């Protein structure tokens with residue numbers, strides 16, 4: 001076909017309609033897959049981190065945004081109050097929209113399910129676009145697009161629990177497709193920039209690193225395919241611009257890493273959540289229960305290494321002699337899949353990157369794109385007998401590997417293998433008698449009962465906290481705890497019967513539950529907690545504490561002689577009776593009293609101050625040794641006060657000492673210090689008389705981040721100008737590009 005014919009085909013309305021039609025099939029397929037999952041478990045998409053971290057975070061961030069505040073920091077939430085450290089996505093516009101809507105939705109489980117459905121559709125369409133970008137036929141591209149959101153790890157972890165993994169992946173796959181199109185001259189730089197920025201700014205490091213590896217694979221692949229450097233240089237420059245724009249997302253956490261649990265760069269080769277390469281042989285057996293070390297032992301209760309029922313047996317029906325002609329064109333996909341396969345096996349921790357099992361969805365993307373593109377372009381049923389035997393051998397290997405991992409379920413594996421063989425035979429028959437479109441529709445339809453059975457058989461899910469879905473119901477049951485409160489409890493002591501709003505959840509908060517209720521609790525969910533504060537209170541990521549926490553709260557701090565409960569400006573201490581069974585029978589500490597809250601006495605004891613709340617008395621000033629200090633104004637990020645100190649002294653503020661705090665005295669910089677390596681303090685020089693002390697916090701590196709973002713946008717403007725000018729020259733000369741886009745070439749072949 002001549003180059004001019006290819007250009008004409010790009011404008012072929014039939015080809016466009018075919019792409020749109022199968023894109024709609026992808027969308028509907030993902031929706032039906034969600035319906036199947038919900039029929040098996042209505043709370044599947046509201047479990048683990050989604051119920052304990054994300055949804056309540058959306059609600060509280062949405063409230064702050066509605067009140068005109070950009071909540072980078074909420075001091076009263078202490079370890080989980082620095083939203084530039086955790087998965088808040090503060091600089092991600094779609095996430096901010098999710099936050100803004102959240103306070104208006106009472107059933108937060110329903111809201112999470114709808115949000116995740118939208119992002120799963122985005123992810124499915126992204127995989128669909130990748131297949132098209134590499135010359136895949138629309139029908140088989142749609143099969144890949146539906147299969148990915150229903151693949152094992154992505155379904156059971158990323159969409160069920162780890163929301164930022166879902167959103168980051170959804171944007172990353174579109175960045176991949178747009179990068180290929182830009183490198184091959186059929187797309188502009190703006191989509192590449194936008195999708196990469198959205199990937200980075202979800203504020204979860206894995207998608208950002210995966211995007212970088214994807215760009216590396218695409219760059220190497222395009223050099224191999226096009227044998228030219230210029231397209232790759234253009235792509236690299238636009239990617240750099242997107243990275244500069246997204247730098248503000250990670251600078252605060254990078255510059256604060258030394259005070260967190262994660263620490264600085266380290267490489268640890270442990271076996272926890274690392275996946276042997278041989279587990280990839282489970283990729284097409286729906287009953288597989290892979291073997292590797294996790295929270296639930298060695299044999300996993302969910303088919304997390306499963307990808308798609310047809311993936312492995314379909315290898316027997318690819319004409320590999322013809323397919324070898326496109327190895328250059330698809331080299332990037334193979335490189336990406338190989339990198340992800342190697343990563344899944346470890347090392348277990350590389351700096352902030354831990355648990356290699358998290359990249360299983362990336363392996364699924366690479367293999368689905370590779371196999372479905374090859375099936376669409378080089379699928380064949382010639383020499384059917386030998387190919388059938390080869391497919392049977394592959395299915396046998398699937399059974400053997402799954403049997404080896406979980407031998408007690410050998411009969412389910414056998415039944416699953418027989419079913420895969422029968423379905424494969426039906427797919428081949430439909431392809432020969434009714435055409436590829438009907439065969440692909442069968443491949444998609446089969447996914448729905450499979451995912452239903454997989455989710456049903458994983459019940460009761462070991463991941464659920466069973467937190468209440470209705471915010472109004474939870475608020476109605478919970479005590480009206482005004483002011484600043486800390487809870488001393490341990491989630492591990494809850495029994496299954498306690499996990500309801502009529503049980504422990506009507507009296508106790510874990511994770512981010514208090515945020516969803518609109519209460520000022522110290523307790524919150526944080527994956528990157530402040531190391532020294534955590535040690536001070538023996539507080540963990542889910543806000544649980546150790547049995548010594550009660551003593552520590554009321555023990556005098558060495559520097560000030562004041563207890564932590566005073567230095568933190570707390571009005572109330574809630575103790576879990578299961579953790580402190582004898583405390584409520586003891587005399588309360590001096591200045592405190594036990595207060596009865598009828599209906600909650602089975603689970604908690606409550607200490608409140610005899611003289612009433614202190615959190616509203618003098619701003620966040622909690623100790624002023626040798627200083628007279630009066631609060632003038634307070635905000636989340638600043639404390640302004642008037643101070644006097646004839647002989648010098650120290651002011652302590654109820655703020656966690658995250659990096660980024662600065663102090664000025666009458667406008668002149670003043671050194672900062674800390675109490676117990678955790679609490680903000682300022683030394684006041686002798687001779688100070690009615691001076692104005694300002695203590696402010698800004699995310700570390702924010703100026704650099706803003707400058708980098710502006711530079712990135714400027715670079716994008718230049719790239720777009722160059723792209724538009726080049727397109728105009730092409731239109732004026734009506735000359736085809738030197739390397740026709742394989743996507744369009746294949747779209748022409750569909751109708752040839």
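Results, tabulated for the structure shown:
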{"item": "On Cα atoms only, tilt of 247-256 relative to the major axis of the chain in degrees", "result": "50 degrees"}
{"item": "Degrees, to the nearest 10: 331-344 long Cα axis against longest axis of the chain", "result": "40 degrees"}
{"item": "Average Cα contact separation per residue, the chain, under 8 Å, 6 or more apart, as relative contact order %", "result": "17 percent"}
{"item": "Residues 197, 452, 128 arranged by fewest to most Cβ contacts within 10 Å", "result": "452, 197, 128"}
{"item": "Sites residue 258 and residue 638 - FRET efficiency at Förster radius 25 Å, r taken between beta-carbons, to 0.05", "result": "0.55"}
{"item": "Anisotropy class of the stretch 237-289 from Cα gyration tensor, a/c 1.5 cut", "result": "oblate"}
{"item": "Length-normalised contact order for the stretch 621-700 - Cα pairs under 8 Å, 6+ apart - percent", "result": "36 percent"}
{"item": "Helix axis angle, 205-226 relative to the chain longest principal axis, alpha carbon, degrees", "result": "30 degrees"}
{"item": "Taking only Cα atoms of the stretch 514-607, radius of gyration then Dmax in Å", "result": "13.7, 40"}
{"item": "Fraction of alpha-carbon pairs over 19 Å apart in the stretch 546-649 - percent", "result": "54 percent"}
{"item": "Volume per residue that the Cα convex hull of the stretch 49-108 spans, once the total is divided by residue count, Å³", "result": "86 Å³"}
{"item": "Hydrodynamic radius by Kirkwood, which averages 1/r over all alpha carbon pairs of the stretch 98-222, in angstrom", "result": "15.1 Å"}
{"item": "Reported label for calculated percent of Cα pairs over 51 Å apart given (1) 21; (2) 16; (3) 51", "result": "(1)"}
{"item": "Percent of alpha-carbon pairs separated by more than 17 Å within the stretch 621-700", "result": "36 percent"}
{"item": "Sum of -39500 (n - 2.57) over DSSP H runs of 4+, divided by residues of the chain (222 nm, nearest 500)", "result": "-15000 deg cm²/dmol"}
{"item": "The stretch 290-357: relative contact order as a whole-number percent, Cα under 8 Å and 6+ apart", "result": "14 percent"}
{"item": "For the stretch 353-377 versus the stretch 594-632, the gap between their alpha-carbon centres in whole angstrom", "result": "54 Å"}
{"item": "Rounded Å value of the spacing that divides the Cα centres of the stretch 11-61 and the stretch 559-574", "result": "46 Å"}
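Bear in mind that the values in this text are calculations on the coordinates, not laboratory data. Because the structure is predicted, anything quoted here is derived from the model rather than measured. Neighbour counts are summed over all protein chains in view; Cβ atoms, including those assigned to glycine, are modelled from backbone coordinates with ideal geometry.
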